[in-house]
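Here is the structure we will look at, set down as structure tokens.
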Amino acid sequence: MPTPEEHPSAASDHPSRTRWLVAGTTALVVGALVVGGFWVTRDGPSDPNEAQASAQERGRAVLTDASWVLSDFEDDPEYGGELEYNSEDGELAVHWRLAEDYDDYVADRQDIGPAATLDVLGKESLMWAYDDEDHTVIRPVEGGFTLEIRVMGLPRAAFVDLLSQLRLVSRAEFEAQLPEHAVLPSERPEAIAEILSDVPAPVGFDASSVTTSELMRLRVIDDVTVAVTCAWVEEYAGAVAAGDEARVTKAREAAGTAHSWSALEETEDDGGANLVWEYTDQIADGVSGQELQRMVEEAPDALGCA
């Protein structure tokens, strides 16, 4: 079970990230259609049985106010997920976490001070104020999840009003409202293949071994290109250790192409490409001795190699 983070930051509880709301995040709205305040870009469940099942597992929540722009989204099957919205007035994050985490998060937020109670989507919920324009509320478990909604930049009355514009949804309904550039689980194999289309990989590298639970394309690119980079670090180090000059040359030449991998052009401004280039550049330069040893030792933590 993930441990709640310190409440002043109340960041996202995905173990690989420490963000709550990303200031200045570029709104990812290309190709999306807003209808009645909802993101409508994909088809929802068409099977009546699926629709009934979806109704029973509605534990996620979306905002129906079209003046708030969706800027970030994720849904991890192991930890839950989040949506982040931005407007001219403030920033809002909706988190859904596993039911088993409810007590831990309530206990953590109680360090802020006494909780007020208010109705959120039909359930009495607990609200705390970090300050006059920064509030968070935790809703009891429904559909397997507990919700926490935090808004920065609005006074209490506006915060409470905004809570009334949330809507409970199932995972299928949540996915149906994501913009077209989101990468759904069913689309990941095709997306991974497309990202790797101009990326050389070592012999034996299996694209199906790349694991990612990300929905945002930029993060899928990060996961895929990091996986290939990890494979080249291992291949290059193995080739050097074996004294196989042909393999060494091949690894250096392949790593030297990293600055032209088309997918990384999308992540350069986001910073994701820089980490890949840090390691591929070392391989391309033919590091050896202590520098090679340092690279091999640091790569698992820095890149997240298996």
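No value in this document is a laboratory result; all are computed from the given coordinates. On a predicted model such as this, the values are computed, not experimentally measured, just so you know. Here the Cβ is made from the backbone with ideal geometry for all residues, glycine too, and neighbour counts use every protein chain on show.
Taking other C-beta atoms within 10 Å as the exposure proxy, L215, L184, L154 rank L184, L154, L215 from fewest upward.
Summing +1 for each Lys or Arg and -1 for each Asp or Glu among the other residues whose beta-carbon sits under 15 angstrom from that of D132 gives -2. Taking amide H as placed 1.01 Å from N in the peptide plane, A61 has its amide H under 5 Å from the amide H of V169, each at least 5 places away in sequence or on another chain. Legend: ranking of residues W261, W128, W96 from fewest to most surrounding C-beta atoms inside 10 Å; resulting order W128, W261, W96. As an equivalent ellipsoid, the stretch 155-306 spans semi-axes of 38, 17, 13 angstrom, where each value is the square root of five times an eigenvalue of the C-alpha gyration tensor, largest first. Normalised by residue number, the volume inside the convex hull of the Cα atoms of the stretch 107-221 is 170 Å³ per residue. With neighbours defined as other Cβ atoms within 10 Å of a residue's Cβ, the residues C230, C305 order from fewest to most as C305, C230.
For the stretch 103-156, dividing the convex hull volume of the Cα atoms by the residue count gives 75 Å³ per residue. Other residues with beta-carbon under 9 Å from the beta-carbon of P155 carry, at +1 per Lys or Arg and -1 per Asp or Glu, a net charge of -1. Listed values for the stretch 139-144 are Karplus-derived 3J(HN,Hα) couplings in whole Hz (6.51 cos²θ - 1.76 cosθ + 1.60, θ = phi - 60°), namely 9, x, 5, 8, x, x, and x replaces Gly and Pro.
3J(HN,Hα) couplings calculated from phi for the stretch 259-266 with the Karplus curve 6.51 cos²θ - 1.76 cosθ + 1.60 (θ = phi - 60°) are, in sequence order, 5, 10, 5, 4, 5, 5, 4, 6 Hz; Gly and Pro show x.
Net charge in the neighbourhood of V141 (other residues with Cβ under 15 Å of its Cβ; Lys, Arg +1, Asp, Glu -1) is -3.
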